[in-house]
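Report on the structure given below.
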Amino acid sequence: MSSQAVTAPAALPAESASPLAGKALTIGLAGIALTVPGIFVSGASAVAHSWLVGVTFWTAIAIGMLMLVLIHHIFDASWSTVIRRQYEHGLSAFKWLGLLFLPLVLATFLYQRDIVWPWMNLAREIHGGHTVGHDPLYLKKASFLSPGMFIGMTAGFFLIWIFLSARLRKASFTQDSDGDLKWTYSNRVTAAMGLPLGALTLTFAAIYWVKSLEYHWFSTMYGVWFFANCARGALSIGVIIMVWLWHRGDYKGILNNNHFHSIGMLMLAFTVFWAYVTFSQYFLIWNANVPEETFWYNLRELNHDGSTNQWWYVGLVILFGHFLIPFLALLSYRYKVTKHVIRRIAYWILTVILIDICYNIMPALKDSHGDAVPFLSLNLVWILTSVVGVGGICVWSYLRSFPTAKLIPIRDPRIGESLTHHE
């Protein structure tokens, strides 16, 4: 069985992949083009925040793919070998995500310093009539929250992710040709150094790009929250790719119910992990009742006059949609191994991850009263066009990489175990 599966045609022909890649690129460019008019309709700052949502969402998924591949190698996992190749193709998106992040940097330094991150403009007025430059809380963090550090660190994040991805891809793809075990050992070395680097970079990226939008806020769990979304997003995209390739016929005879069950168990585990981290943070901040921490949640629950705002309901959607619904669904063995069901669960999780990222970014936009701009506003259009635009480029990158290697790592030493994976 395994010999037949391994020697079967294992890559989508280039001539078949090109039309799909072309469509993805067209959709991506259309999404980007449709985002631009928002500058004149809703303002540059609203579009910049929306663009940050799109870039952060897809970068989180790419980081999740990277971390899962690194975890696969560090644990010498066998069951996930047949799935790993699709994540390796997904890692090709990092260089394009870095390029797509560039407009935010250029808009900040060439157009308006506080277009996204308020601490970039030291003359910006904050509550009490003070400016950022005279804010004691900013001054305490000024060596970290500085424009030079922001640019250097952001460039470093993408360079590290690109470097790790290139090493993983080269070793894995080359092993298909020569079967040399040195490539397996090389990827273990990459995983050993890549996991701490990945953990640090994703944490600092979340802090710089998202958390610093409200730089007064304190949180020791923010990087872990972001990692949970990264992993859940990557697992969900993996399920969607697996079902797509299985329906095409590529994965028939290779994937079995146990592969779907295993990835479904990981989805369940990270669902519980996300809930634990998120609830712990909320409970500790609520219990301590320190103003420097509680304001972040107050902004997402109440208006200045004490009335409930839209973000309160968004928070409830996240509570039930991000945890309760997928948790109950993923408890079922039947749901995890039924392809169309687990695919729907994956789409659901991705949707709520996007809402969660909006919940963390968009309330930084405030009206004249200091209240968060409502979720159901015209900004939602630019969020969707940004997600489609960045996503189209990421899918295009994946499809460009797809025909360049076998469908599965045919000469990986663990491939036999993976093909016969059982619970």
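Bear in mind that the values in this text are calculations on the coordinates, not laboratory data. Predicted, not measured: the structure shown is a model, and the values here were computed from it. In this analysis, Cβ positions are derived from the backbone assuming ideal geometry, glycine residues included, and neighbour counts consider all displayed protein chains.
Highest mean first, the peptides 220-230, 275-285 sorted by other C-beta atoms within 10 Å per residue fall in the order 220-230, 275-285. Calculated mean residue ellipticity at 222 nm for the chain: -23000 deg cm²/dmol, from DSSP H runs with n ≥ 4 weighted as -39500 (n - 2.57), summed, divided by the residue count and rounded to 500. Set the Cα radius of gyration of the chain against 2.2 N^0.38 Å, with N its number of residues, and you get 1.01. Using the Cβ-Cβ distance between F75 and V272 with R0 set to 22 Å, the FRET efficiency from 1/(1 + (r/R0)^6) comes to roughly 0.65. Bridgeable lysines around K366 (alpha carbons under 22 Å apart, same-chain partners fewer than 8 residues away excluded): K211. Taking I207, I237, I126 in turn, the Gaussian network model of the chain (Cα-Cα springs below 10 Å) assigns the largest fluctuation to I126. Compared with the direct C-alpha span, the chain from T308 to L380 gains 24.0 nm at full extension, assuming 0.36 nm per residue.
Given springs between every Cα pair under 10 Å in a Gaussian network model of the chain, which of A234, A206, A192 has the largest fluctuation? Evaluated over the chain, the most mobile residue of the options is A192.
Compared with the direct C-alpha span, the chain from D114 to K95 gains 4.3 nm at full extension, assuming 0.36 nm per residue. Rounded to the nearest whole Hz, the Karplus-based 3J(HN,Hα) values (6.51 cos²θ - 1.76 cosθ + 1.60, θ = phi - 60°) of region 85-102 follow the sequence 4, 5, 5, 5, 5, x, 5, 5, 7, 4, 5, 6, 5, x, 5, 6, 6, 4, with x at glycine and proline. With a simple spin-label model that places each label point 7 Å from the Cα along the Cα-to-Cβ direction, the separation between M193 and A44 comes to 4.1 nm.
Here each label is just a point 7 Å from Cα along the line to Cβ, and for E214 and L200 those points are 2.9 nm apart.
The length gained by stretching the chain between H127 and S280 to full extension, at 0.36 nm per residue less their Cα-Cα distance, is 52.2 nm. Shown in residue order for region 112-123 are the 3J(HN,Hα) couplings computed by the Karplus curve 6.51 cos²θ - 1.76 cosθ + 1.60 at θ = phi - 60°: 8, 4, 9, 4, 10, 9, x, 6, 5, 10, 5, 8 Hz (x for Gly and Pro).
Amide H contacts of L302: N309, each under 5 Å away and 5 or more positions distant or on a separate chain (H built 1.01 Å from N in the peptide plane; Pro and chain starts excluded). When the C-alpha to C-alpha distance is required to be over 25 Å, the pairs from K182/K336; K339/K406; K95/K170; K182/K406 that qualify are K182/K336.
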